[in-house]
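Reviewing the structure listed below.
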Amino acid sequence: MPTAEQPQIYLGTVAIEPNRWGMAQPGGGATIKLSDWIPAIAEAGFDGIELWERHYHDADAAERARLATAAVPIRVFNTYASWDEPEPDFRDLAAKTAADLGAFGVKFNVGNDPEQQAAYVDRLAAFVERLPADAAALCECHHGISIAEDPAVAAAIFDAVGSPRVQAMVHTHEDPDHLRARFDAYGDRITHVHVNFLDFESGGAPVLAEACDRLAGQITLLRSLGFAGSWTIEFVHGLMTEGDQPQLLVEQAIADLAVLREVLA
């Protein structure tokens, strides 16, 4: 993943998709044409896009071409390809899409079956080999859906694959002790952060300006642990509310970008 003196900040397009979890329409497909929002994203000053896979795979050829040449480059491709499936078709498709888009990274999660850990290692090793030579496989190590939520298990998987292009990401809402455990286990591989304080119990995500103290504390902690990578605004205030509409979500993401830049400065 690229680093720079000024931290790179991307917009996760899942943030502006009302049907991100299939809550607006059955099937979980994309309901927006992402290229309609590229001008606003570019004008706001985002350094790149983390592309939700269905904004590409559900699109027609013309829309895919627009995304491949967008004014804001695709930096991370966000895939939900299964690591439990023995056949590599969807994983191969994710690798090909990353190459077609020139992405620096592909966000993924291994499965949640401890008995398949060795299989996940083999599938991840094969996946890395199919990625472009300058692209990383970014393990989200997601709580509840991946055995890699356990830092020791994640480290064992990464070490078994062996490639330095197997990297990882963390989230700003994670418990500080868990963040420390992840950095202790594989901190040299952590190159990306998802910025969100999503809380399903409270009904969504806060306006980032109202979570400034918490954001600043997490950034201070991450930097003290050696983090110097890139950031994606993953979820914004408005999701799961009446404000779960593309225009309002984009406006909130732009407001959050200004807050994140200020706190990172």
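The values are calculated or read from the model by the stated rules, or taken from the named source; none is laboratory data. These numbers come from a predicted model, not from an experiment. FYI the Cβ positions are ideal-geometry reconstructions off the backbone, even for glycines, and counts take in every protein chain you see. What goes into the accessible areas is simple: the full protein's heavy atoms, side chains included, and nothing from ligands, DNA or RNA. Shrake-Rupley method; radii C 1.70, N 1.55, O 1.52, S 1.80 Å.
Remarks
- Cβ-Cβ contacts under 8 Å between residues 6 or more apart (or on different chains), taken from a first residue in the stretch 128-145 that is under 29 Å from Asp199 (Cα atoms) and open to solvent by 50 Å² or more (accessible area, probe 1.4 Å) to a second residue that is of a type outside the set (A, V, I, L, M, F, W, C) and in a helix (DSSP H, G or I), are listed as His142/Glu149; His143/Glu149.
- Verdict on Arg123 being surrounded by 15 or more Cβ atoms within 10 Å (Cβ to Cβ), in contact (Cβ under 8 Å) with a residue 40 or more places away in the chain, farther than 19 Å from His194 by Cβ and of a type outside the set (A, V, I, L, M, F, W, C): yes
- Contact map, the stretch 155-176: first residue farther than 25 Å from Asp134 by Cβ, second residue open to solvent by 10 Å² or more (accessible area, probe 1.4 Å) and among the aromatic types (Phe, Trp, Tyr), Cβ cut-off under 8 Å, separation 6 or more or different chains; pairs are Thr172/Phe197; His173/Phe197.
- Residue match in the stretch 201-210 (condition: open to solvent by 20 Å² or more (accessible area, probe 1.4 Å), touching a Phe, Trp or Tyr at 6+ places or on another chain (Cβ under 8 Å) and closer than 26 Å to Gln167 by Cα): no
- One residue alone among Gln218, Gln167 is in contact with a Ser or Thr (Cβ under 7 Å, 6 or more places away or on another chain) and more than 21 Å from Lys107 (Cα to Cα), and that residue is Gln218.
- Sole exception among (1) open to solvent by 30 Å² or more (accessible area, probe 1.4 Å); (2) among the aliphatic types (A, V, I, L, M); (3) touching a residue at least 24 places away in the same chain (Cβ under 8 Å); (4) under 22 Å from Gly48 (Cα atoms) for Ala181, by number: (4)
Quick grid of which residues meet (1) closer than 20 Å to Pro151 by Cβ; (2) among the acidic types (Asp, Glu); (3) at pLDDT below 95; (4) not in a loop (DSSP other than H, G, I, E, B):
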| site | (1), (2), (3), (4) |
| --- | --- |
| Ala185 | yes, no, no, yes |
| Gln218 | yes, no, no, yes |
| Arg223 | yes, no, no, yes |
| Phe227 | yes, no, no, no |
| Thr232 | no, no, no, yes |
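- Residue list for the stretch 215-265, filter: touching a residue at least 40 places away in the same chain (Cβ under 8 Å) and among the charged types (D, E, K, R): Glu234, Asp244, Asp256, Arg261
- Each residue in the stretch 38-54 was checked for being within 17 Å of Val76 (Cβ to Cβ) and in contact with a strand residue (DSSP E or B) (Cβ under 9 Å, 6 or more places away or on another chain), and 10 pass.
- Test: Ala95 is assigned to a helix (DSSP H, G or I), touching a Lys or Arg at 6+ places or on another chain (Cβ under 7 Å) and buried (at least 18 other Cβ atoms within 10 Å of the Cβ): yes
- Filter pass, Asn112 being modelled with pLDDT of 95 or more, surrounded by 15 or more Cβ atoms within 10 Å (Cβ to Cβ), over 14 Å from the mean Cα position of the chain (by Cα) and not aromatic (Phe, Trp, Tyr): yes
- Sole residue being of a type in the set (A, V, I, L, M) and part of a helix (DSSP H, G or I), chosen from Ala137, Ala154, Ala168: Ala154
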